[in-house]
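Structure first, then comments.
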Amino acid sequence: MLDRVLDALETVIEPDSGEHVLRRGMVRDLDVDDASVSLTLVLDDPGSAFAATAQREVEHALRAALADGVQIGVAVDNPVIGFGDDLQVDGKKELLPGVRHTLAVASGKGGVGKSTVTVNLAVALARQGYRVGLVDTDIYGPSMPVMLGLETAKPRVNEQRRILPIETRGIKVLSMGFLVDPDKAVIWRGPMVSSAIRQFLGEAEWGDLDFLLMDLPPGTGDIQLTIVQTVPLAGAVIVSTPQKVALADARKGVAMFRQVDVPVVGMVENMAWFEPPDAPGKRYFLFGENGAAELAQEEGVPLLGQIPLQQPLREACDSGEPAAAGDGPIAAQFDALARNTARSVFRRAATLPASKKIEILYK
Ligand code: ADP
(Lines give C-alpha, C1' and ligand atoms only; values in the text may rest on other atoms or scores of the structure.)
Protein backbone atom coordinates (compact mmCIF):
# COMPACT_ATOMS: atom_id res chain seq x y z
CA MET A 1 0.00 0.00 0.00
CA LEU A 2 2.71 2.47 1.02
CA ASP A 3 4.64 1.66 -2.14
CA ARG A 4 1.60 2.34 -4.28
CA VAL A 5 1.10 5.68 -2.53
CA LEU A 6 4.75 6.62 -3.10
CA ASP A 7 4.52 5.56 -6.76
CA ALA A 8 1.47 7.77 -7.18
CA LEU A 9 3.14 10.75 -5.51
CA GLU A 10 6.14 10.38 -7.78
CA THR A 11 3.89 11.09 -10.76
CA VAL A 12 2.97 14.55 -9.48
CA ILE A 13 5.60 16.93 -10.85
CA GLU A 14 6.26 20.51 -9.80
CA PRO A 15 6.76 22.05 -13.26
CA ASP A 16 9.34 24.74 -12.43
CA SER A 17 11.87 22.26 -11.10
CA GLY A 18 10.66 19.20 -13.00
CA GLU A 19 10.89 17.32 -9.70
CA HIS A 20 8.17 15.23 -8.14
CA VAL A 21 6.54 16.34 -4.91
CA LEU A 22 8.39 13.77 -2.78
CA ARG A 23 11.77 14.79 -4.12
CA ARG A 24 10.92 18.43 -3.51
CA GLY A 25 10.09 17.61 0.09
CA MET A 26 6.54 18.93 -0.26
CA VAL A 27 4.86 15.92 1.35
CA ARG A 28 4.60 15.78 5.13
CA ASP A 29 2.51 14.00 7.79
CA LEU A 30 2.16 11.01 5.48
CA ASP A 31 0.11 8.36 7.18
CA VAL A 32 -0.92 5.22 5.35
CA ASP A 33 -2.97 2.24 6.46
CA ASP A 34 -5.15 -0.26 4.61
CA ALA A 35 -8.23 1.95 4.62
CA SER A 36 -6.88 5.48 4.38
CA VAL A 37 -4.11 7.78 3.26
CA SER A 38 -3.56 11.22 4.67
CA LEU A 39 -0.85 13.78 4.09
CA THR A 40 -0.09 17.46 4.14
CA LEU A 41 1.24 19.26 1.09
CA VAL A 42 3.67 21.99 2.01
CA LEU A 43 3.63 24.55 -0.81
CA ASP A 44 6.94 26.33 -1.01
CA ASP A 45 5.50 29.05 -3.20
CA PRO A 46 1.83 29.48 -2.30
CA GLY A 47 1.39 32.06 -5.10
CA SER A 48 2.53 29.77 -7.92
CA ALA A 49 0.35 28.19 -10.57
CA PHE A 50 1.26 24.78 -9.24
CA ALA A 51 0.04 25.70 -5.75
CA ALA A 52 -3.40 26.32 -7.21
CA THR A 53 -3.68 22.81 -8.62
CA ALA A 54 -1.31 20.74 -6.47
CA GLN A 55 -3.89 19.50 -4.00
CA ARG A 56 -6.20 18.33 -6.77
CA GLU A 57 -3.35 16.72 -8.68
CA VAL A 58 -2.22 14.76 -5.64
CA GLU A 59 -5.77 13.64 -4.81
CA HIS A 60 -6.29 12.62 -8.40
CA ALA A 61 -3.05 10.60 -8.56
CA LEU A 62 -3.87 8.83 -5.30
CA ARG A 63 -7.45 8.15 -6.35
CA ALA A 64 -6.25 6.60 -9.61
CA ALA A 65 -3.73 4.39 -7.83
CA LEU A 66 -5.81 3.15 -4.90
CA ALA A 67 -8.88 0.98 -4.49
CA ASP A 68 -12.28 2.67 -4.39
CA GLY A 69 -12.98 2.37 -0.67
CA VAL A 70 -9.70 3.95 0.47
CA GLN A 71 -10.16 7.32 2.14
CA ILE A 72 -7.87 10.07 0.90
CA GLY A 73 -7.14 13.21 2.87
CA VAL A 74 -4.85 15.88 1.44
CA ALA A 75 -4.32 18.98 3.54
CA VAL A 76 -2.35 22.02 2.43
CA ASP A 77 0.07 24.00 4.53
CA ASN A 78 2.26 27.02 4.06
CA PRO A 79 5.97 26.52 4.23
CA VAL A 80 6.76 26.64 7.91
CA ILE A 81 9.60 24.31 7.13
CA GLY A 82 10.28 24.31 3.44
CA PHE A 83 12.44 21.83 1.59
CA GLY A 84 15.97 21.58 2.79
CA ASP A 85 14.99 22.17 6.38
CA ASP A 86 13.32 18.85 6.79
CA LEU A 87 15.83 16.67 8.46
CA GLN A 88 18.35 19.15 9.63
CA VAL A 89 19.28 19.30 13.24
CA ASP A 90 18.87 22.67 14.92
CA GLY A 91 22.02 24.72 14.99
CA LYS A 92 23.91 22.58 12.51
CA LYS A 93 21.95 23.47 9.43
CA GLU A 94 24.12 26.39 8.42
CA LEU A 95 27.05 24.01 7.96
CA LEU A 96 25.58 22.66 4.72
CA PRO A 97 22.93 25.13 3.59
CA GLY A 98 22.41 23.86 0.02
CA VAL A 99 22.24 20.17 0.88
CA ARG A 100 18.85 18.52 1.12
CA HIS A 101 19.81 15.17 2.61
CA THR A 102 23.13 14.29 4.17
CA LEU A 103 23.52 10.55 4.63
CA ALA A 104 26.22 8.82 6.63
CA VAL A 105 27.35 5.45 5.33
CA ALA A 106 28.64 3.36 8.19
CA SER A 107 29.75 -0.13 8.98
CA GLY A 108 30.65 -1.63 12.29
CA LYS A 109 33.49 -3.65 10.89
CA GLY A 110 36.20 -2.66 8.41
CA GLY A 111 36.62 -4.38 5.08
CA VAL A 112 32.93 -5.12 4.50
CA GLY A 113 32.86 -2.93 1.40
CA LYS A 114 31.50 0.28 2.88
CA SER A 115 33.58 2.53 0.64
CA THR A 116 32.88 0.41 -2.42
CA VAL A 117 29.15 0.65 -1.76
CA THR A 118 29.30 4.40 -1.03
CA VAL A 119 31.17 5.31 -4.20
CA ASN A 120 28.96 3.18 -6.44
CA LEU A 121 25.78 4.32 -4.72
CA ALA A 122 26.82 7.94 -5.30
CA VAL A 123 27.46 7.31 -8.99
CA ALA A 124 24.16 5.46 -9.37
CA LEU A 125 22.20 8.27 -7.69
CA ALA A 126 23.84 10.79 -10.02
CA ARG A 127 22.88 8.68 -13.02
CA GLN A 128 19.28 8.94 -11.87
CA GLY A 129 19.49 12.70 -12.09
CA TYR A 130 20.17 13.60 -8.47
CA ARG A 131 22.80 16.14 -7.57
CA VAL A 132 25.25 14.17 -5.47
CA GLY A 133 28.23 14.95 -3.28
CA LEU A 134 30.55 12.46 -1.70
CA VAL A 135 32.83 12.90 1.28
CA ASP A 136 35.40 10.47 2.52
CA THR A 137 35.92 11.20 6.20
CA ASP A 138 38.17 8.25 6.80
CA ILE A 139 41.37 10.11 7.60
CA TYR A 140 43.13 6.93 8.69
CA GLY A 141 42.63 5.03 5.48
CA PRO A 142 40.93 7.07 2.79
CA SER A 143 40.12 4.79 -0.14
CA MET A 144 37.96 7.04 -2.27
CA PRO A 145 40.79 8.70 -4.20
CA VAL A 146 41.87 5.25 -5.45
CA MET A 147 38.35 4.06 -6.24
CA LEU A 148 37.68 7.15 -8.33
CA GLY A 149 41.12 7.39 -9.90
CA LEU A 150 41.84 10.65 -8.07
CA GLU A 151 45.06 9.80 -6.28
CA THR A 152 46.84 12.88 -7.52
CA ALA A 153 43.88 15.23 -7.41
CA LYS A 154 44.14 18.38 -5.34
CA PRO A 155 40.99 20.41 -4.83
CA ARG A 156 41.28 24.09 -5.71
CA VAL A 157 40.12 27.06 -3.71
CA ASN A 158 37.94 29.81 -5.21
CA GLU A 159 38.22 33.60 -4.74
CA GLN A 160 36.17 33.38 -1.56
CA ARG A 161 38.74 30.89 -0.30
CA ARG A 162 36.21 28.08 -0.35
CA ILE A 163 37.30 24.55 -1.28
CA LEU A 164 35.99 23.33 -4.63
CA PRO A 165 35.12 19.62 -4.58
CA ILE A 166 36.50 17.62 -7.48
CA GLU A 167 33.85 16.81 -10.07
CA THR A 168 33.98 13.37 -11.59
CA ARG A 169 31.33 11.07 -13.10
CA GLY A 170 28.57 13.48 -12.23
CA ILE A 171 29.43 13.69 -8.53
CA LYS A 172 31.30 16.22 -6.39
CA VAL A 173 33.97 14.58 -4.30
CA LEU A 174 36.09 15.57 -1.34
CA SER A 175 38.30 13.18 0.52
CA MET A 176 40.29 13.82 3.63
CA GLY A 177 42.89 11.92 1.63
CA PHE A 178 43.24 14.99 -0.65
CA LEU A 179 44.30 17.10 2.29
CA VAL A 180 45.75 14.97 5.02
CA ASP A 181 48.68 12.63 4.92
CA PRO A 182 47.23 9.40 6.35
CA ASP A 183 50.56 8.59 8.00
CA LYS A 184 50.34 11.79 10.02
CA ALA A 185 46.64 11.38 10.79
CA VAL A 186 47.02 8.21 12.78
CA ILE A 187 47.76 10.17 15.91
CA TRP A 188 44.65 12.35 15.59
CA ARG A 189 42.07 12.14 18.31
CA GLY A 190 38.31 12.62 18.21
CA PRO A 191 38.11 16.40 18.75
CA MET A 192 40.74 17.06 16.10
CA VAL A 193 38.93 14.87 13.61
CA SER A 194 35.63 16.51 14.37
CA SER A 195 36.93 20.05 13.92
CA ALA A 196 38.79 19.07 10.75
CA ILE A 197 35.61 17.58 9.30
CA ARG A 198 33.52 20.56 10.28
CA GLN A 199 35.95 22.85 8.57
CA PHE A 200 36.31 20.57 5.60
CA LEU A 201 32.56 20.30 5.05
CA GLY A 202 31.63 23.84 5.94
CA GLU A 203 34.34 25.53 3.89
CA ALA A 204 33.61 23.56 0.75
CA GLU A 205 31.55 24.99 -2.08
CA TRP A 206 28.99 22.21 -2.53
CA GLY A 207 26.33 24.23 -4.29
CA ASP A 208 22.88 22.66 -4.25
CA LEU A 209 22.82 18.94 -3.66
CA ASP A 210 20.05 16.38 -3.29
CA PHE A 211 22.28 13.94 -1.47
CA LEU A 212 25.60 14.28 0.27
CA LEU A 213 26.99 10.84 1.12
CA MET A 214 29.50 10.67 3.89
CA ASP A 215 31.74 7.63 4.13
CA LEU A 216 32.48 7.21 7.83
CA PRO A 217 35.56 5.47 9.17
CA PRO A 218 34.73 1.87 10.09
CA GLY A 219 33.60 1.25 13.64
CA THR A 220 31.25 2.76 16.16
CA GLY A 221 33.64 4.41 18.55
CA ASP A 222 34.28 7.94 19.69
CA ILE A 223 35.39 9.25 16.32
CA GLN A 224 32.26 8.07 14.51
CA LEU A 225 30.04 9.41 17.27
CA THR A 226 31.78 12.78 17.11
CA ILE A 227 31.37 12.98 13.35
CA VAL A 228 27.68 12.10 13.36
CA GLN A 229 27.12 14.75 16.01
CA THR A 230 29.03 17.35 14.00
CA VAL A 231 27.07 17.08 10.80
CA PRO A 232 23.33 17.60 10.24
CA LEU A 233 22.37 14.11 9.16
CA ALA A 234 19.16 13.07 7.44
CA GLY A 235 19.90 9.44 8.03
CA ALA A 236 22.36 6.61 7.98
CA VAL A 237 22.94 3.66 5.70
CA ILE A 238 24.62 0.66 7.28
CA VAL A 239 26.70 -1.74 5.23
CA SER A 240 27.40 -5.24 6.45
CA THR A 241 28.29 -8.65 5.11
CA PRO A 242 26.03 -11.52 6.19
CA GLN A 243 28.76 -12.79 8.50
CA LYS A 244 28.10 -13.07 12.23
CA VAL A 245 31.06 -10.98 13.36
CA ALA A 246 30.16 -8.21 10.92
CA LEU A 247 26.52 -8.28 11.96
CA ALA A 248 27.36 -7.89 15.63
CA ASP A 249 29.19 -4.69 14.75
CA ALA A 250 26.44 -3.53 12.38
CA ARG A 251 24.00 -3.86 15.27
CA LYS A 252 26.23 -1.56 17.31
CA GLY A 253 26.04 0.88 14.40
CA VAL A 254 22.25 0.88 14.51
CA ALA A 255 22.40 1.49 18.26
CA MET A 256 24.85 4.36 17.83
CA PHE A 257 22.60 6.19 15.36
CA ARG A 258 19.54 5.62 17.54
CA GLN A 259 21.43 7.08 20.46
CA VAL A 260 21.94 10.35 18.57
CA ASP A 261 18.47 10.33 16.95
CA VAL A 262 19.65 9.78 13.40
CA PRO A 263 17.25 7.47 11.56
CA VAL A 264 18.73 4.43 9.89
CA VAL A 265 17.25 4.67 6.38
CA GLY A 266 18.38 1.16 5.56
CA MET A 267 20.89 -1.60 5.45
CA VAL A 268 22.95 -2.93 2.56
CA GLU A 269 24.11 -6.53 2.51
CA ASN A 270 27.41 -6.66 0.69
CA MET A 271 29.19 -9.84 -0.40
CA ALA A 272 25.78 -11.46 -0.06
CA TRP A 273 26.71 -14.46 -2.22
CA PHE A 274 29.04 -15.56 -4.96
CA GLU A 275 27.75 -16.75 -8.31
CA PRO A 276 30.52 -18.31 -10.41
CA PRO A 277 30.53 -16.85 -13.93
CA ASP A 278 30.84 -20.37 -15.34
CA ALA A 279 27.88 -21.67 -13.31
CA PRO A 280 25.19 -18.98 -13.59
CA GLY A 281 22.33 -19.43 -11.16
CA LYS A 282 24.44 -21.33 -8.68
CA ARG A 283 24.97 -19.32 -5.52
CA TYR A 284 27.52 -19.86 -2.79
CA PHE A 285 26.86 -18.09 0.49
CA LEU A 286 30.45 -17.66 1.56
CA PHE A 287 29.73 -15.40 4.52
CA GLY A 288 26.34 -16.83 5.46
CA GLU A 289 22.93 -16.42 3.94
CA ASN A 290 20.70 -13.38 4.44
CA GLY A 291 22.39 -12.33 7.67
CA ALA A 292 22.10 -8.59 7.06
CA ALA A 293 18.62 -9.01 5.60
CA GLU A 294 17.53 -10.68 8.83
CA LEU A 295 19.22 -8.06 10.96
CA ALA A 296 17.39 -5.35 9.00
CA GLN A 297 14.11 -7.06 9.73
CA GLU A 298 14.95 -7.50 13.40
CA GLU A 299 15.83 -3.83 13.73
CA GLY A 300 12.82 -2.70 11.74
CA VAL A 301 14.84 -0.94 9.02
CA PRO A 302 14.54 -1.46 5.25
CA LEU A 303 16.92 -3.76 3.41
CA LEU A 304 18.03 -1.47 0.59
CA GLY A 305 19.88 -4.06 -1.44
CA GLN A 306 22.05 -7.16 -1.60
CA ILE A 307 25.27 -6.90 -3.58
CA PRO A 308 27.01 -10.18 -4.47
CA LEU A 309 30.71 -10.80 -4.22
CA GLN A 310 31.99 -10.32 -7.76
CA GLN A 311 35.42 -9.97 -9.18
CA PRO A 312 34.62 -7.20 -11.71
CA LEU A 313 33.42 -4.99 -8.83
CA ARG A 314 36.75 -5.41 -7.05
CA GLU A 315 38.64 -4.83 -10.30
CA ALA A 316 36.64 -1.71 -11.02
CA CYS A 317 37.49 -0.34 -7.56
CA ASP A 318 41.17 -0.97 -8.05
CA SER A 319 41.21 0.63 -11.48
CA GLY A 320 39.46 3.80 -10.37
CA GLU A 321 36.48 3.23 -12.69
CA PRO A 322 33.38 2.67 -10.54
CA ALA A 323 31.36 -0.25 -11.86
CA ALA A 324 28.11 1.66 -11.33
CA ALA A 325 29.17 4.01 -14.13
CA GLY A 326 29.08 1.15 -16.66
CA ASP A 327 26.12 -0.71 -18.09
CA GLY A 328 26.61 -4.27 -16.88
CA PRO A 329 24.82 -6.25 -14.17
CA ILE A 330 26.73 -4.45 -11.39
CA ALA A 331 25.44 -1.09 -12.58
CA ALA A 332 21.91 -2.56 -12.46
CA GLN A 333 22.43 -3.71 -8.86
CA PHE A 334 23.54 -0.25 -7.79
CA ASP A 335 20.76 1.37 -9.78
CA ALA A 336 18.25 -0.63 -7.72
CA LEU A 337 20.11 0.21 -4.52
CA ALA A 338 20.02 3.92 -5.40
CA ARG A 339 16.29 3.80 -6.10
CA ASN A 340 15.57 2.12 -2.78
CA THR A 341 17.81 4.50 -0.89
CA ALA A 342 16.25 7.64 -2.40
CA ARG A 343 12.82 6.29 -1.75
CA SER A 344 13.57 5.42 1.86
CA VAL A 345 14.89 8.95 2.46
CA PHE A 346 11.87 10.56 0.78
CA ARG A 347 9.51 8.30 2.70
CA ARG A 348 11.08 9.29 5.98
CA ALA A 349 10.93 12.99 5.04
CA ALA A 350 7.28 12.64 3.98
CA THR A 351 6.25 11.26 7.35
CA LEU A 352 7.75 14.17 9.28
CA PRO A 353 5.33 16.71 10.71
CA ALA A 354 4.41 19.65 8.50
CA SER A 355 5.12 22.26 11.09
CA LYS A 356 7.42 22.19 14.02
CA LYS A 357 5.60 22.27 17.30
CA ILE A 358 6.92 24.84 19.71
CA GLU A 359 6.97 23.53 23.21
CA ILE A 360 6.88 25.99 26.05
CA LEU A 361 8.18 24.65 29.29
CA TYR A 362 7.17 26.23 32.56
CA LYS A 363 9.25 25.64 35.59
P1 ADP B 1 35.52 -0.86 3.73
O2 ADP B 1 35.29 0.51 3.23
O3 ADP B 1 34.34 -1.45 4.43
O4 ADP B 1 36.78 -1.01 4.53
P5 ADP B 1 36.17 -1.52 0.98
O6 ADP B 1 35.07 -0.88 0.24
O7 ADP B 1 37.49 -0.84 1.00
O8 ADP B 1 35.73 -1.84 2.47
O9 ADP B 1 36.29 -3.00 0.43
C10 ADP B 1 37.26 -3.91 0.90
C11 ADP B 1 37.78 -4.73 -0.28
O12 ADP B 1 36.76 -5.60 -0.76
C13 ADP B 1 38.18 -3.90 -1.47
O14 ADP B 1 39.32 -4.50 -2.03
C15 ADP B 1 37.00 -3.98 -2.43
O16 ADP B 1 37.42 -3.88 -3.77
C17 ADP B 1 36.48 -5.37 -2.13
N18 ADP B 1 35.01 -5.50 -2.29
C19 ADP B 1 34.05 -4.82 -1.64
N20 ADP B 1 32.83 -5.26 -2.00
C21 ADP B 1 33.00 -6.23 -2.91
C22 ADP B 1 32.13 -7.08 -3.67
N23 ADP B 1 30.81 -7.01 -3.53
N24 ADP B 1 32.69 -7.94 -4.55
C25 ADP B 1 34.04 -8.03 -4.68
N26 ADP B 1 34.91 -7.27 -4.00
C27 ADP B 1 34.41 -6.38 -3.11
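Skipping prolines and chain starts, which residues have an amide H placed within reach, meaning under 5 Å, of the one on Gly266, given they are 5 or more residues away or on another chain?
Ala236, Ile238
Along the charge dipole of region 263-303, Cβ charges K/R +1 and D/E -1, which of Trp273, Gly288, Pro302 sits furthest on the positive end?
The listed residue farthest towards the positive side: Trp273.
Considering only DSSP beta bridges with both partners in the chain, what is the antiparallel share in %, to the nearest 5?
Values: 12 of 50 bridges.
About 25 percent, rounded to the nearest 5.
State in Å² the accessible area per residue of the chain; use a 1.4 Å probe, count heavy atoms of protein chains only, and round to the nearest integer.
Values: 16710 Å² over 363 residues.
About 46 Å² of surface per residue is accessible.
Return one number: the angle in degrees, 0 to 90 and rounded to the nearest 10, between the long axis of the Cα atoms of helix 49-65 and the longest principal axis of the Cα atoms of the chain.
Approximately 80 degrees, to the nearest ten.
Mind checking which aspartates and glutamates have their C-alpha under 15 Å from Lys114, skipping anything on the same chain fewer than 8 residues away?
Within the straight-line cut-off, Lys114 pairs with Asp136, Asp138, Asp215, Asp249, Glu269, Asp318.
Please list, ordered by chain and number, the residues whose modelled amide H lies under 5 Å from the amide H of Leu209; skip anything fewer than 5 residues away on the same chain.
Sorted by chain and number, the residues that satisfy this are Val99, Arg100.
Report the relative contact order of the chain, percent, no decimals, based on alpha-carbon pairs under 8 angstrom and at least 6 residues apart. The partial results should precede the final answer.
Details: 721 pairs, mean separation 75.8, N = 363.
Contact order relative to length: 21 percent.
With runs of 4+ DSSP H residues as the only contributors, calculate the mean residue ellipticity of the chain at 222 nm using -39,500 (n - 2.57) per run, divided by the residue total and rounded to the nearest 500.
On the way: 12 runs with 130 residues, N = 363.
Estimated from H runs of four or more residues: -11000 deg cm²/dmol.
Tell me, what % of the accessible area of the chain is carbon and sulfur with a 1.4 angstrom probe? Don't jump to the answer; show the numbers that get you there.
Working: 8420 of 16710 Å².
Accessible surface attributable to carbon and sulfur in the chain totals 50 percent.
The values are calculated or read from the model by the stated rules, or taken from the named source; none is laboratory data. Keep in mind it's a predicted model, so treat the numbers as computed, not measured. Backbone-built Cβ (ideal geometry, glycine too); neighbour counts: all protein chains shown. Protein only, heavy atoms only, side chains kept; ligands, DNA and RNA dropped before computing areas. Shrake-Rupley method; radii C 1.70, N 1.55, O 1.52, S 1.80 Å.
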